[in-house]
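Right, one structure below, let's go through it.
The values are calculated or read from the model by the stated rules, or taken from the named source; none is laboratory data. Remember, it's a predicted structure, so these values are computed and weren't measured experimentally. Here the Cβ positions follow ideal geometry from the backbone for every residue, glycine too, while neighbour counts run over all protein chains shown.
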Amino acid sequence: MKPDGHLTIAVCDDQPLVLRQVEQQLERQLAGVPHRIVPFSGSGDLLRAAAGQAFQLAILDVCLPDQDSGITLAQRLLALQPDCQIIFLTAYVACCQDVYDVAHVAFVLKEEMSARLPVAVARACTRLAAAPRPAGGARLLLGEPGDATQLFQADIIFLERRVRTTWVHTLQGQAATGEKLESLLARLAPDAFCQTHKSFAVHWPMVEQYGKTLIRLSGGVQVPISRRYAARVRQSFLRYVTALQGGPAGDGEAPP
């Protein structure tokens with residue numbers, strides 16, 4: 001079963017050959033599914049990325065060369081993103097008992113990867129597609145009685161103001177409203193959404209890369225950061241990361 005919406009997959013292994021093999025298998029299997037594969041060679045890079053983007057699936061080597069094992073990495077990733085589906089990879093059968101310290105979809109030996117990884121990925125996709133959406137999930141209401149649209153905030157990728165219309169781009173498509181961008185932002189989660197330009201606002205969990213003048217979102221869309229909003233964007237990103245980590249909000253600067 002295909003998952004709903006865009007599928008972003010983290011793959012972490014210190015062996016470049018294994019990373020390429022996993023990417024190739026995923027590309028073949030997910031040819032008909034909107035997806036993006038993000039490779040990592042160490043746990044630190046993955047966790048830093050997870051502070052600014054959501055992963056629906058993570059395929060992790062159990063034995064990593066840095067301070068975090070794949071098991072510890074999975075625990076830390078799930079603390080940031082509890083709904084992420086975990087698949088473990090390893091070359092050593094002896095590691096199989098350790099992985100049960102953390103919730104995961106499957107444990108795949110690298111020598112059996114071509115046969116078993118597609119089955120594990122299919123199982124993860126089925127779980128993602130079947131996962132119930134929280135009944136209390138925050139929503140954004142557009143329009144008036146008799147002509148209203150209700151969107152889940154979690155599905156919003158970015159907002160764009162063009163002429164006299166604001167377009168709300170979501171995982172399911174886009175919706176239009178005459179309401180101004182600033183008015184919509186006042187009704188959205190303040191730590192998760194940020195205006196980057198007079199005509200654009202982004203949803204931080206959908207951000208794949210935060211640069212000095214541009215933000216790249218899921219699906220490859222690029223949104224500008226104007227000089228007028230640059231400082232606010234830095235502060236918003238810091239609040240978002242702090243909220244993810246469960247700490248108190250501060251006034252320091254986030255990395256550009």
Being within 24 Å of Ala176 (Cα to Cα) and at pLDDT 70 or above, is that true of even one residue in segment 130-138?
yes
Report the residue count in segment 18-57 for those that are assigned to a helix (DSSP H, G or I), within 23 Å of Pro82 (Cβ to Cβ) and among the basic types (Lys, Arg).
1
Checking the structure you have, find out if any residue of segment 30-46 is crowded, with 16+ Cβ neighbours inside 10 Å, modelled with pLDDT under 85 and either in the same structural domain as Ala192 (by TED's automatic domain parsing) or of a type in the set (A, V, I, L, M) (or both).
no
Determine whether segment 100-118 contains at least one residue that is part of a loop (DSSP other than H, G, I, E, B), surrounded by 14 or more Cβ atoms within 10 Å (Cβ to Cβ) and at pLDDT below 80.
yes
Among the residues of segment 164-175, what is the count of those that are at pLDDT below 90 and farther than 28 Å from Val33 by Cα?
0
Would you pick out the residues in segment 58-91 that are among the small types (Gly, Ala, Ser) and not in a strand (DSSP E or B)?
Ser69, Gly70, Ala74, Ala79, Ala91
Looking at Ser41 and the list (1) touching a residue at least 40 places away in the same chain (Cβ under 8 Å); (2) closer than 20 Å to Ala74 by Cβ, which single condition is not satisfied?
(1)
Taking segment 192-247 and keeping residues surrounded by 15 or more Cβ atoms within 10 Å (Cβ to Cβ) and on the phi > 0 side of the Ramachandran plot leaves Gly219
Any pair with Cβ under 7 angstrom, 6 or more apart, that starts in segment 209-220 at a residue that is over 21 Å from Leu171 (Cβ atoms) and in the same structural domain as Gln53 (by TED's automatic domain parsing) and ends at one that is small (Gly, Ala, Ser) and buried (at least 19 other Cβ atoms within 10 Å of the Cβ):
none
Go through segment 172-198 and report how many residues are outside any strand (DSSP E or B), over 27 Å from Lys212 (Cβ atoms) and either touching a helix residue (DSSP H, G or I) at 6+ places or on another chain (Cβ under 8 Å) or outside the structural domain of Val241 (by TED's automatic domain parsing) (or both).
1
Residues being under 16 Å from the mean Cα position of the chain (by Cα), among the aliphatic types (A, V, I, L, M) and modelled with pLDDT under 90 - total across segment 47-69:
5
Considering residues that are of a type in the set (Asp, Glu) and touching a His at 6+ places or on another chain (Cβ under 9 Å), the number found within segment 20-72 is 1
Flag for Ile86 being touching a His at 6+ places or on another chain (Cβ under 7 Å), closer than 28 Å to Ala243 by Cα, modelled with pLDDT of 90 or more and buried (at least 18 other Cβ atoms within 10 Å of the Cβ):
yes
